Amino acid sequence: MAQIPLLQLSGISLTFGGDPVFDSLDLVVQERDRVALVGRNGSGKSTLMKVMAGLVEPDRGSRVVPPGVSVGYMEQEPDLSGFATLGDFAASGLEPGELYKVERAGEGLKFDPARPVATASGGERRRAALAKLMAEAPDLMLLDEPTNHLDIQAIGWLERELKAPRAAFVLISHDRAFLNALTRATLWIDRGMTRRQEKGFADFEAWRDKTWEEEDQARHKLDRKIKSEARWAVEGISARRKRNMGRVRALGDLRAERASMIKRAGTAAMALEAGPKSGRKVIEAEAISKTFGDKPICRDFSLRIQRGDRVAFVGPNGVGKTTLLKILLGEIAPDAGRVTLGTNLMPVVFDQARARLDLEATLWDNLTGDPEMRVSGKADQIMVRGQPKHVVGYLKEFLFDERQARAPISSLSGGERARLLLAKIMARESNLLVLDEPTNDLDVETLDLLQDLLGDYDGTVLLVSHDRDFLDRVAATTIAMEGNGKVTAYAGGWSDYQSQRQPEAVVEKAETPKPSKPKVKRQMKAPAGGLSFTEKHRLEELPAVIERLEAEIGKLEGLLADPALFTREPVKFKKATEALVERQDKLEAAEEEWLTLEEKAG
């Protein structure tokens with residue numbers, strides 16, 4: 001059965017006072033399409049989505065939406081003017097009998113419908129806009145960074161909702177795990193050109209690299225041809241050139257073709273330089289507790305952070321991750337217990353609220369006006385890791401051009417603002433890097449570079465993030481804040497944390513048993529014909545081997561269910577984890593061997 005077109009763009013061209021953002025762009029989005037819209041920060045992803053939503057009028061071209069097809073758009077900065085509460089906004093456009101949809105979305109996305117718009121944060125406004133879109137359930141959803149300001153639980157809820165068979169969407173996101181789980185096609189904006197591949201985001205980077213490799217090869221061949229033709233034009237006699245003016249004109253055409261090739265945007269030349277080494281012990285928290293009103297942040301929590309550690313803090317929004325960070329940094333005193341900071345610490349902080357950026361000032365003024373970056377007597381220079389550097393030159397290292405230097409911060413995209421903030425903190429020497437939601441809005445290439453920089457950084461990293469893929473790539477220890485003051489340290493990143501929680505979940509389930517289906521026991525048949533003597537003997541002994549491995553696994557899972565084991569006895573925890581993995585592999589192999597022999601026995 002043919003898919004139904006939901007949206008068609010034909011010959012779209014758009015220019016904002018300079019080079020074209022799009023030129024002669026054609027695009028069709030069909031029923032059940034699940035498209036990742038990707039590209040570098042500033043490439044025009046959000047602009048294209050606004051064209052698709054009918055909010056930006058192109059210079060040329062047409063947008064067609066068939067009658068009866070509904071298109072919904074969730075923008076990064078929704079306008080809630082005219083509404084008293086977030087719930088009023090989210091429910092606008094729904095029938096009275098459909099208000100339950102907003103309540104359901106509100107529970108999944110964790111926003112309070114009764115919150116007044118006037119006091120709502122930017123994140124709460126975005127969650128209300130997303131709840132509105134999910135409640136309306138249009139035929140085509142246009143989602144611009146929907147996971148920003150969502151915690152991991154809410155991201156999981158949204159992921160499950162978007163997997164529903166009815167959903168068709170175009171999605172902009174920095175979250176690799178989210179894109180990998182949901183998308184089946186990829187739309188790539190690159191230097192004004194839009195390409196499409198009928199594969200999800202998981203295949204994007206291989207496709208991009210192959211495309212760039214082919215482009216480099218074509219450019220190299222063209223350069224060689226131009227060089228050869230130019231040599232002929234110089235060395236050939238005048239009469240020959242007169243008889244071959246067509247070849248001379250062709251050389252001009254080749255040069256024009258080469259000049260029209262748009263250079264790819266490079267990778268930001270970001271650099272992290274650790275200052276003088278801190279002491280071996282960076283932070284030690286001993287039995288700390290903290291409560292705000294009736295809300296416990298942590299209870300009897302102990303942690304030792306040593307030089308070079310990569311520690312991630314995860315948990316639902318509002319659980320107190322940033323507060324715990326401030327307690328560990330000595331900015332907030334605990335109610336009980338104590339925090340000891342190591343010696344010679346030089347911390348820098350990436351603020352999730354972007355509070356360090358003055359949105360009304362220009363990029364130039366934001367850098368030169370920072371007291372920590374100012375160079376006395378030099379209005380056009382800033383101090384970068386102890387050395388003066390021209391402000392425009394430094395901005396170019398972070399992929400900003402000279403025109404943007406005098407533009408206000410408010411004109412930048414979310415990813416460009418994040419990149420500017422990274423430029424500010426990376427200008428300083430440090431040995432303790434505190435990153436509070438650094439991944440929001442950054443493109444894939446910048447995220448890859450940031451990950452590499454953190455891997456090579458000689459100092460200590462404390463990280464708050466809801467990006468599961470980034471956590472897996474960076475974190476060596478994960479501090480899970482699960483609410484009601486419960487804070488637990490786990491070895492590894494997000495996936496490791498999830499796997500280590502499973503035994504604990506089994507124990508909790510055992511403590512509160514629920515009715516379930518009877519467990520079906522493995523039926524071990526007696527050995528039969530078709531087997532050698534050795535195989536028969538092995539088939540007879542395998543049930544006992546499997547039973548012993550299952551018992552050992554049960555004991556190890558019980559040991560690892562102790563949430564304090566990692567911090568109390570890290571060596572024992574490591575050995576137990578390795579033993580558990582080893583026995584699980586052996587059990588799987590033994591079961592596979594038994595099935596093979598049992599089938600052969602007939």
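Within the set ALA84, ALA129, the sole residue that is in the same structural domain as ASP151 (by TED's automatic domain parsing), surrounded by 16 or more Cβ atoms within 10 Å (Cβ to Cβ) and either in contact (Cβ under 8 Å) with a residue 24 or more places away in the chain or of a type in the set (Asp, Glu) (or both) turns out to be ALA129.
When region 381-405 is filtered for residues that are more than 25 Å from VAL349 (Cβ to Cβ), modelled with pLDDT of 85 or more and either acidic (Asp, Glu) or over 30 Å from the mean Cα position of the chain (by Cα) (or both), only HIS390 remains. Taking the criterion of being farther than 17 Å from THR147 by Cα and among the hydrophobic types (A, V, I, L, M, F, W, C), the residues of region 70-97 that qualify are VAL71, LEU80, PHE83, ALA84, LEU86, PHE89, ALA90, ALA91, LEU94. The number of residues in region 159-175 that are at pLDDT 85 or above, over 17 Å from the mean Cα position of the chain (by Cα) and farther than 20 Å from MET52 by Cβ comes to 3. Contact map, region 50-77: first residue in the same structural domain as GLY122 (by TED's automatic domain parsing) and surrounded by 12 or more Cβ atoms within 10 Å (Cβ to Cβ), second residue modelled with pLDDT of 90 or more and of a type in the set (Phe, Trp, Tyr), Cβ cut-off under 6 Å, separation 6 or more or different chains; pairs are ALA53/TYR73. For region 322-377, filtered to residues that are in a strand (DSSP E or B) and polar (S, T, N, Q), the residue that is surrounded by the fewest Cβ atoms within 10 Å (Cβ to Cβ) is THR340.
As for region 52-62, it holds no residue that is of a type in the set (Ser, Thr, Tyr) and within 23 Å of the chain's Cα centre (by Cα). The set of residues from region 585-602 being among the small types (Gly, Ala, Ser) and surrounded by 15 or more Cβ atoms within 10 Å (Cβ to Cβ) comprises ALA590, ALA601.
Residues that are in contact with a helix residue (DSSP H, G or I) (Cβ under 8 Å, 6 or more places away or on another chain), modelled with pLDDT of 90 or more and either outside any strand (DSSP E or B) or among the basic types (Lys, Arg) (or both) within region 1-42 comprise just one, ARG34.
GLY459 falls short on exactly one of the conditions (1) under 21 Å from the mean Cα position of the chain (by Cα); (2) at pLDDT 85 or above, and that condition is (1). Would you pick out the residues in region 533-549 that are surrounded by fewer than 16 Cβ atoms within 10 Å (Cβ to Cβ) and modelled with pLDDT of 80 or more? GLU540, GLU541, PRO543, ALA544, GLU547, ARG548, listed by residue number. Note on region 308-361: among residues that are hydroxyl-bearing (Ser, Thr, Tyr) and in contact (Cβ under 8 Å) with a residue 60 or more places away in the chain, the one that is farthest from ALA154 (Cα to Cα) is THR343. Checking the stated criteria, ALA312 turns out not to satisfy the condition of being more than 30 Å from LEU449 (Cα to Cα) and out of contact with any Cys (no Cβ under 6 Å at 6 or more places or on another chain). The sole residue among ASP79, ASP88 that is out of contact with any Lys or Arg (no Cβ under 8 Å at 6 or more places or on another chain), part of a loop (DSSP other than H, G, I, E, B), of a type outside the set (S, T, N, Q) and under 29 Å from SER410 (Cβ atoms) is ASP79. For region 148-182, a tally of residues being under 20 Å from ARG32 (Cα atoms) and polar (S, T, N, Q) returns 2. The set of residues from region 466-488 being among the small types (Gly, Ala, Ser) and under 12 Å from ARG176 (Cβ atoms) is empty.
The values are calculated or read from the model by the stated rules, or taken from the named source; none is laboratory data. Given the structure is predicted, the values throughout are model-derived calculations rather than measurements. Quick reminder, even Gly has a Cβ in these numbers, built from the backbone with ideal geometry, and neighbours come from all protein chains shown.
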